[in-house]
Amino acid sequence: MATNASPELVTFQRQADVLVVTIDNPPVNALGVDVRRGLAAAIDAAEADGAAAAVLIVGAGRNFIAGADIREFGKPPQQPSLPEVCSRIENCSKPVVAAIHGAALGGGLEIALSAHYRLAVPSAKLGLPEVQLGLMPGSGGTQRAPRLIGVKAALDLMLSGRHAGAKEALALGLVDRLGEGVDALAEGLAYAKELAAGKAPVRRTRDASAALADKDAQRAALETNRADTAKKSRGLFSPMKIVEATEAALSLPFDEGMALERKLFLQCIDSPQRAGLIHAFFAEREVLKAPETKAAKPRAIESCGIVGGGTMGAGIAVAMLDAGLPVTMIERDEPSLARGRAHVEKVYDGLIQKGRMTADAKAAVMARFSGSTAYDALAKADLVVEAVFEDMAVKKAVFAELDRVCKPGAVLATNTSYLDIDEIAASISRPGDVLGLHFFSPANIMKLLEIVVPAKVSADVVATGFELAKKLKKTPVRAGVCDGFIGNRILAVYRQAADHMMEDGASPYQIDKAVREFGYPMGPFQVSDLAGGDIGWATRKRKAATRDPKARYVQIADRICERGWFGQKTGRGYYLYPEGARTGTPDPEVEAIIDAERQRAGITPRSFSDEEIMRRYMAAMVNEGANVVHQRIALRPLDVDVTFLYGYGFPRHRGGPMKYADTVGLPKVLADIREFAKEDPLFWKPSPLLVELVERGADFSSLNQSE
Ligand code: NAI
């Protein structure tokens, strides 16, 4: 009887006339080199074992195979390659069955597609998510998936990277049979025995033709996808390669299609976008590891309170309600409370209107919401988030009330954007319970949550902040206390760089365009118009007294705000928004204001290339990012990256500003800063960390520890 007794990652053992091949490579059965070797050996064993009439491939643990081992990317290839293993499976002379439970993703699904028969139990998730890492299926996925399920469905999976459940996979033709229970091994074994008993033929996906039979319809689907992809994935590398490879499935023999797939796959591997996206993938997992989450257990959070039902308070309430938590909202008077509740209801009414929620579901959610103007209603809350006006005196008054009514051990959090949380904490009797939870607007949608850690806070309170982020499905980033924490502090600096360029001769419209072409969804002046110019104006006024009188201060934004032009909500800001329009058009009057300000400041405008705009914009962002890491406001450069990916629309394929700086090369970034410093040495002060890294010949990624 064929068996391999050693504790291998792939084991095989015959059960009756079926050789059962089990992949056991925790945690997710990734297809590292040893698994690939084991699979190849298992197929050899199946061929050699005269008593084996069929082969069954299953995964141990909670998944079939979650994908390739992405840590191997960019390293020298080790044999056998995954395409080779897939082809060995496909060419097996005995019927091979894949029984799928849990994840069959990427290379995992490509293994399954190389089997001759597929069964999925209800827990199965099938997908080809390579696109999310700047890649494409590279082990026959682009050639086998269309042959099995047609161009349209295959492209949908490969371009979106989404997962299909077992039922959908059956409907698509991705699997042949739906299992009923949880035991993929038992169901797969029964299926394999049945196939062996019926002398079922080997059925190679490479030879499948039915799904592609209607060539005209298939080609039409391909062209529609090509046009959509060119529009939607502008600037992204791998989606068009996926379309190109899929076209080969339609027009070339299988082996030629495979050769093209390999060529395109290697181009994706070499693309900086792949490096950026994989960095983002690791970084968003790495941010979950903070010293406090290792040192302490979170406190229980079963009910929440919110103080302030404005833009942020209402959004945070929705995020908590969506996570199944009961929420009590405190407002200063009944009319404000009614507005707060209405804000919350409006979000759900919007979902009802779009058909994404039923009235009954809304009623069930709102049953967990209560409001009061009396703080005593917070007596039982495990965690309270304060989101009142950005004013230290108001916040301290609120915290005094929380100190009075909240139970011992309750976490008392503030959503302040800029204020000193150490000062807030010091004003009450339990500073160890005070934490910053800085949400982003709209708080029920934006994924970033800065967990701001004041000096006196207990580790378990910080750990509770991370736990809350998990419950709310947000991405937490640990930040230290300073003016603006990680994100807004860096934003303030590159926003000034943009203002400087505007005053020196670039129009806000050109700057926005350059920033969009870099990959952001919006430029900084469009963002101001969306957020409301009055918010930044209020901050500038508050900070006027502490501003360095020698520092350059561009007054254009103040001139625009003085006219009451606060952006979209007032119909004009930097742009004009005629009657309800959401995209603005350039405003000649704004250009006139800019000209007048240039004259007042004695500046002769010069022209900027888009490339110079981005060089300055990014140099300002990276330099302040380096300061933030240097001062331990961010634990590592990757925390800055994740902040910008999730809170500020930074293009994911560039990995974040610090990763981008590594890609450009830190010596080049530093040289730019030194060149810009010749005009304005006060603004362009090279960060000591940047200088040190360049001197050592190191880069930011060297500070990302476990990467
Ligand atoms: P907002 O003006 O929309 O809402 C503030 C709410 O607090 C109002 O409904 C007001 O009635 C209520 N309030 C004021 N004093 C109160 C008191 N003593 N007791 C109970 N309720 C009181 O302001 P917004 O935009 O929601 O901002 C709230 C906080 O969130 C501020 O600290 C702000 O800096 C911060 N923040 C704002 C962001 C934004 O994009 N708007 C983003 C992240 C943080």
**Prompt:** Checking Cys92 against (1) open to solvent by 10 Å² or more (accessible area, probe 1.4 Å); (2) assigned to a loop (DSSP other than H, G, I, E, B), which test does it fail?
**Reply:** (1)
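From Tyr494, Tyr418, which residue is of a type in the set (Ser, Thr, Tyr), touching a helix residue (DSSP H, G or I) at 6+ places or on another chain (Cβ under 9 Å) and surrounded by 22 or more Cβ atoms within 10 Å (Cβ to Cβ)?
Values: Tyr418 fails: surrounded by 22 or more Cβ atoms within 10 Å (Cβ to Cβ).
Going through Tyr494, Tyr418 in turn, just one is of a type in the set (Ser, Thr, Tyr), touching a helix residue (DSSP H, G or I) at 6+ places or on another chain (Cβ under 9 Å) and surrounded by 22 or more Cβ atoms within 10 Å (Cβ to Cβ): Tyr494.
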**Item:** Single residue of segment 407-425 satisfying the filter (touching a residue at least 60 places away in the same chain (Cβ under 8 Å) and either within 22 Å of Met320 (Cβ to Cβ) or not aromatic (Phe, Trp, Tyr) (or both)) that is farthest from the ligand (Cβ to nearest atom)
**Value:** Gly409
**Request:** Evaluate segment 335-349: report whether one residue or more is within 12 Å of the ligand (Cβ to nearest atom) and of a type in the set (Lys, Arg).
**Result:** yes
**Fill in**
The number of residues in segment 682-705 that are open to solvent by 70 Å² or more (accessible area, probe 1.4 Å), under 17 Å from Ala634 (Cβ atoms) and not in a helix (DSSP H, G or I) is 1
**Prompt:** Is it fair to say Leu449 is within 13 Å of the ligand (Cβ to nearest atom), under 30 Å from Leu645 (Cβ atoms) and either open to solvent by 30 Å² or more (accessible area, probe 1.4 Å) or touching a residue at least 24 places away in the same chain (Cβ under 8 Å) (or both)?
**Reply:** yes
**Asked** In the list Val28, Val58, which residue meets the criterion of being among the β-branched types (Val, Ile, Thr) and open to solvent by 10 Å² or more (accessible area, probe 1.4 Å)?
**Response** Val28
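Has segment 376-388 got at least one residue that is over 16 Å from Thr328 (Cβ atoms), away from the ligand (no atom under 11 Å from the Cβ) and open to solvent by 40 Å² or more (accessible area, probe 1.4 Å)? Talk me through it step by step, then tell me what you get.
We begin by selecting, within segment 376-388, every residue over 16 Å from Thr328 (Cβ atoms); these are none.
So far as segment 376-388 goes, no, none of its residues is over 16 Å from Thr328 (Cβ atoms), away from the ligand (no atom under 11 Å from the Cβ) and open to solvent by 40 Å² or more (accessible area, probe 1.4 Å).
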**Message:** Let me confirm something: among Glu503, Glu467, Glu517, which residue is open to solvent by less than 20 Å² (accessible area, probe 1.4 Å) and charged (D, E, K, R)?
**Reply:** Glu503
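Restricting attention to segment 320-334, and to residues there that are loosely packed, with under 15 Cβ neighbours inside 10 Å and not in a helix (DSSP H, G or I), which single residue is farthest from the ligand (Cβ to nearest atom)? If you could, list the steps in order and put the result at the bottom.
From segment 320-334, those loosely packed, with under 15 Cβ neighbours inside 10 Å are 324, 333-334; that's our starting set.
Those still in the list that are not in a helix (DSSP H, G or I) too: 324, 333.
On the way: Gly324: 23, Asp333: 8 Å.
The residue in question is Gly324.
Give me a count of the residues in segment 159-174 that are outside any helix (DSSP H, G or I) and open to solvent by less than 50 Å² (accessible area, probe 1.4 Å).
Selection size over segment 159-174: 5.
Which of the residues that make up segment 189-214 are among the acidic types (Asp, Glu) and either part of a helix (DSSP H, G or I) or open to solvent by less than 60 Å² (accessible area, probe 1.4 Å) (or both)?
Taking segment 189-214 first, the residues among the acidic types (Asp, Glu) are 194, 207, 214.
Across segment 189-214, the qualifying residues are Glu194, Asp207.
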**Request:** From (1) more than 14 Å from the ligand (Cβ to nearest atom); (2) surrounded by 19 or more Cβ atoms within 10 Å (Cβ to Cβ); (3) under 18 Å from Val481 (Cβ atoms), pick out the condition that doesn't hold for Gly436.
**Result:** (1)
**Message:** Please go through segment 565-595 and give me each residue that is in contact with a helix residue (DSSP H, G or I) (Cβ under 8 Å, 6 or more places away or on another chain), among the β-branched types (Val, Ile, Thr) and either more than 22 Å from Pro521 (Cβ to Cβ) or part of a strand (DSSP E or B) (or both), ordered by number.
**Reply:** Ile593, Ile594
**Message:** So for segment 106-117 (the condition being in a loop (DSSP other than H, G, I, E, B) and hydroxyl-bearing (Ser, Thr, Tyr)), does at least one residue qualify?
**Reply:** no
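The values are calculated or read from the model by the stated rules, or taken from the named source; none is laboratory data. Please read these numbers as outputs of a predicted model, since none were measured by experiment. Cβ coordinates were reconstructed from backbone atoms using ideal geometry, including for glycine residues, and neighbour counts include every protein chain displayed. All accessible areas refer to the heavy atoms of the entire protein, side chains included, with ligands and DNA or RNA removed. Shrake-Rupley method; radii C 1.70, N 1.55, O 1.52, S 1.80 Å.
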